[in-house]
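Data block below; observations after.
The values are calculated or read from the model by the stated rules, or taken from the named source; none is laboratory data. As the structure is a prediction and not an experimental result, all values here were calculated from the model. In this analysis, Cβ positions are derived from the backbone assuming ideal geometry, glycine residues included, and neighbour counts consider all displayed protein chains. Accessible surface is based on the protein model in full, side chains and every heavy atom, while ligands, DNA and RNA are left aside. Shrake-Rupley method; radii C 1.70, N 1.55, O 1.52, S 1.80 Å.
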Amino acid sequence: MGRRSIAIGALATLFAVSAAAPSPAAKPRFDSAPNARIITKRLFDIGVADPDRDGNQDIFTTNHKFRSVFLRNVGGRSFRDEINLMGLGPDPRFPGLDLLQEPPDDDPGVYIWPTDEPGDAGQLHLRSTALPTSGRISLYTRRVVVRRSEGADVAISYDQDNRPVVDFDVRAGGGFVLASNGLADLPIQFDFAATGPTAVTPGEIKVGTGAVAPDANRFQFKLRDRHGLAFADVAGDRDQDVFVTTGGLGGGIASKKFFGLVADQLLVSGDAAGYVDDILISGMTKGRCRGRSVSYGDADGDGRLDLLATCEGDIPKLFTQVFRGGFVQLEAPRSVGSAYRWAQLDRGGTELLVSTRRGLEVWRSTEAHWSRIQTVDGGGEAEQIALGDYDNSGTLDVLLTGGRGVRLLSNRNGRLQPVPSRLGLPGHAAGASFVDYDNDGRLDVSLAPQGIYRWERRSGRFERTGALNMSKVGYAIVEWMDYDNDGRRDPLIATSRREFSPSSHVIRKRNVTRAGNWLEVELTGGRKNREALGASAAIHLRGGRTLTQWVGQNDDARHSQGHYRLYFGLGSARVVKRLVVHWSRGGETRMRKIGADRLLRISRGR
């Protein structure tokens, strides 16, 4: 791979890759991709990120309290799950806890593990082999019962706060199973006897499927109902940190009984030990928010990161960064919707799009005050908001999908207008993404379940190709990444019957379409907004063609954020005449005569 660097108003690095031959009407072609071992049980969201900024895009999932993955991209050749190595699991002290399976080990010890299967949910198991044990388990759930007991005496009582306490005395080879109305997000505390005939050492206690020993006889663990992850550098050390939003106990978080027990996470990248949770010192409080999605933006164009955490059935929470890793809560738009997304509809700043029963609302922040500047009648709530400049007008257009149908909104001078005909797109789809799959310089549309609709310049409409067509689905996440850095974006699609289905189906393919030339761009902003959110890049080609993309528009995860790369299809052009970057807090970076078929990294500096 050839590599050289240049500096024109900013630090820029170019990674040259072999060029693909241009084709004006390329038929979509896909081959198998390297196995990524994506866990589809209770899959809630799937997304793309590159937290170590090595140029190889990784894959992550959120699966509620079930096993999630962070799949490290190894040079586009393979994917390796490093969620525990990075400390991104629900409880880093006990890797494997979220596998929710019995440990395979039978060595002498006391084994503890949770399970959660349909019809047999919310169970906590304790099994002793070759040695007796006794102690106490303290829970915060509303109720708990003994499901099974063998060779054990188990008694349930309640403390002064009416929380269940389980005292147990287990003989060698005995055990019991507790059933609770919810093990996720609430801590479970264990106190094992350290003296007397039933004493055990910490090394004899085995927690989770990985049979990991705690540090002491008194310890606790917590499963987390994870819904969304947002990757961004908030600590100011260039590595990306992760904000994790979790659920709200099915609405139980509103009870005073659980106040302060359920918290989101701010996982700050540290040394080789991985991430450390700094949520308690971040200033970001969960309160009664039943977390749904999370995303960073620059709402007022001041160059600082703002974080939006949406709440089921309630107005979202908004925080702004005031110092490294420190946030304060701001006023958020008083709008309850089914989908939220940051967008730059004009040069005036960043708007927040909210899909509500009234239609798509457009909110803008001015001097820390939010106002609704437009409501587009869209026929009801949408489940997803996709973004892209499909008509190459230099403004960001909107595609809404979900149970209420497909709606295409064209942007005219910062105002969204419905396109009555949808330009050939079908009336219904579960998920969507704008993508130029053949690099001809025109955005196509990828739908689930209908597959790819190619933009036809002659007709001025989208036409169905039949590629990536799938059976009927009720819920979908449609992402396109370039995992092998060959300039052609590759599909990453998850489908299921409904949003909370027990299992999903994931489609991963390698795009081998005979495509045109290309340029991919990654922008790095200043230390307060390293991801350059709110920035855009426009490329100018010979013949007067201009293509524009905005940071974050290519991230179509439902509840998460981390995909910041920009993708430009150049068709037969081998040179970009001019590239102009507009940064979020003002200022431009200009570059000329950029060769095609490469990944270009541009840094604003401090």
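Annotations for the structure displayed:
- Solvent-accessible heavy-atom area per residue, rounded to whole Å², over segment 232-280 at 1.4 Å: 40
- Taking packing as the residue-averaged number of other Cβ atoms within 10 angstrom, the listed peptides 552-563, 234-245 run from highest to lowest as 552-563, 234-245.
- Cα-centred dipole magnitude for segment 245-328, charges only on beta-carbon of K, R (+1) and D, E (-1), debye, nearest 20: 460
- Taken along the Cα-to-beta-carbon direction at a fixed 7 Å, the label points for R77 and N392 span 3.8 nm.
- Convex hull volume per residue, computed on the Cα atoms of the chain, equals 147 Å³.
- Set of lysines with alpha-carbon distance to K256 below 18 Å, sequence-local pairs under 8 removed: K286
- Here segment 253-333 is treated as an ellipsoid with the same Cα gyration tensor; its semi-axes, largest first and in whole Å, are 21, 19, 10.
- Helix-only CD estimate at 222 nm, as mean residue ellipticity for the chain, using -39500 (n - 2.57) per DSSP H run (n ≥ 4): 0 deg cm²/dmol
- Per the Cα gyration tensor, segment 338-481 maps to an equivalent ellipsoid with semi-axes of 25, 17, 13 Å, ordered largest to smallest.
- Dipole magnitude of the chain about its Cα centre (Cβ charges: Lys, Arg +1; Asp, Glu -1), debye to nearest 20: 2280
- Spin-label pair R545-D377: with each label point 7 Å from Cα along the Cα-Cβ axis, the two points sit 3.8 nm from one another.
- Where the Cα pairs of segment 218-285 fall when distances are cut into 10 Å bins, in %: 19, 46, 28, 8
- The charge dipole of segment 152-278, taken about its Cα centre with unit charges on the Cβ of Lys, Arg, Asp and Glu (plus for the first two, minus for the last two), comes to roughly 440 debye.
- Each peptide in 426-435, 221-230 was scored by the mean count of other Cβ atoms within 10 Å over its residues; highest first, the order is 221-230, 426-435.
- Cα-based shape type of segment 178-259, given that a ≥ b ≥ c are square roots of the gyration tensor eigenvalues and the cut on a/c is 1.5: oblate
- Highest average first, the peptides 49-60, 248-259 ordered by how many other beta carbon atoms sit within 10 Å of their residues are 49-60, 248-259.
- For the chain, the residue among S180, L99, G313 whose Cα projects farthest onto the positive side of the dipole built from Cβ charges is G313.
- Segment 532-606: C-alpha gyration tensor shape, a/c 1.5 cut-off, then a/b vs b/c: oblate
- Segment Q189-S471, length gained on full extension (0.36 nm per residue, minus Cα span): 97.0 nm
- Rounded, prolate or oblate (a/c below 1.5 giving rounded, otherwise prolate when a/b exceeds b/c) for segment 459-572 by Cα gyration tensor: oblate
- Remark: relative contact order (the chain) = 15 percent; criterion is Cα-Cα distance under 8 angstrom and separation of 6 or more residues.
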